[in-house]
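Just below is one structure, and these are the notes that go with it.
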Ligand SMILES: CC(C)(COP(=O)(O)OP(=O)(O)OC[C@H]1O[C@@H](n2cnc3c(N)ncnc32)[C@H](O)[C@@H]1OP(=O)(O)O)[C@@H](O)C(=O)NCCC(=O)NCCS
């Protein structure tokens with residue numbers, strides 16, 4: 001269990017289960033213009049060979065979640081979200097560190113994600129872990145046509161990756 005420095009409280013990460021889906025979607029509705037369907041989120045659970053879905057709890061309340069989709073030897077970060085009233089406390093960092101460690105344990109060689117080009121907070125978080133921009137998907141987001149920045153880490157499991165992970169996660 002990691003301590004969130006800003007509140008001095010332990011954040012607990014655990015696998016997402018079916019009973020979390022409503023709370024996860026309620027959180028997403030606060031931070032995203034559109035949300036996935038409950039059916040889609042449920043379909044992602046119980047597939048440990050190719051999915052990692054984590055939730056973060058603080059004092060028993062669900063305050064964040066994150067997901068990794070494994071495709072061949074790559075990990076796709078498909079979500080990282082923290083409740084608005086718990087942002088900037090280090091919870092996003094704890095969640096992303098857990099996905100990076102998971103990718104390493106799975107023996108993956110690379111990680112990637114898409115993020116809105118305007119999402120400075122998320123881009124700053126991803127950069128801390130070594131995600132680097134590699135291109136843009138024009139009009140990727142269906143709700144408003146915003147472009148997506150594509151980011152990659154190509155050295156998962158290597159010494160530089162471990163050092164960045166220790167550094168980025170170590171603050172939390
Ligand atoms: C992006 C998000 C997950 C970050 O979660 P968080 O718990 O607030 O992030 P942390 O407190 O762990 O911050 C870690 C680092 O990320 C960067 N960061 C986070 N929020 C930031 C902000 N608003 N502005 C600039 N940098 C920010 C900083 O480098 C920060 O480190 P610091 O606090 O030591 O400066 C959160 O803002 C969020 O849920 N946003 C809405 C959903 C979303 O956009 N998800 C990503 C979709 S691709």
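What follows is calculated from the coordinates using simple rules that are stated; it is not laboratory data. What you see is a predicted model; the values in this text were computed from it and never measured. Every residue, glycine among them, receives a Cβ derived from its backbone with ideal geometry; neighbour counts consider all protein chains shown.
Are any of the residues in the range 76-91 more than 8 Å from the ligand (Cβ to nearest atom) and in contact (Cβ under 8 Å) with a residue 12 or more places away in the chain?
yes
For the condition over 20 Å from residue 113 (Cα atoms) and touching a helix residue (DSSP H, G or I) at 6+ places or on another chain (Cβ under 9 Å), what is the one hit in 64, 92, 46?
Answer to the selection: 46.
If residue 21 passes every condition in (1) away from the ligand (no atom under 16 Å from the Cβ); (2) surrounded by fewer than 18 Cβ atoms within 10 Å (Cβ to Cβ); (3) within 17 Å of residue 83 (Cβ to Cβ) but one, which one does it miss?
In the conditions (1) away from the ligand (no atom under 16 Å from the Cβ); (2) surrounded by fewer than 18 Cβ atoms within 10 Å (Cβ to Cβ); (3) within 17 Å of residue 83 (Cβ to Cβ), residue 21 misses (2) alone.
Which residues, taken from the range 118-140, are surrounded by 16 or more Cβ atoms within 10 Å (Cβ to Cβ) and over 23 Å from residue 158 (Cβ atoms)?
Passing the criteria: 122, 140.
Kindly list the number of the only condition in (1) within 16 Å of the ligand (Cβ to nearest atom); (2) farther than 22 Å from residue 119 by Cα; (3) assigned to a loop (DSSP other than H, G, I, E, B) that fails for residue 12.
Answer for residue 12: the failing condition is (3).
Considering each residue of the range 92-122, count those that are farther than 23 Å from residue 73 by Cβ and near the ligand (Cβ under 8 Å from one of its atoms), and give that number.
8
Kindly indicate whether residue 55 is within 23 Å of residue 152 (Cβ to Cβ), touching a helix residue (DSSP H, G or I) at 6+ places or on another chain (Cβ under 7 Å) and not in a helix (DSSP H, G or I).
No; evaluated as a whole, the condition is false for this residue.
Taking the stated definitions as given, is residue 103 crowded, with 21+ Cβ neighbours inside 10 Å and in contact with a helix residue (DSSP H, G or I) (Cβ under 8 Å, 6 or more places away or on another chain)?
No; evaluated as a whole, the condition is false for this residue.
Consider residue 169 carefully, then state whether it is farther than 16 Å from residue 78 by Cα and touching a helix residue (DSSP H, G or I) at 6+ places or on another chain (Cβ under 9 Å).
yes
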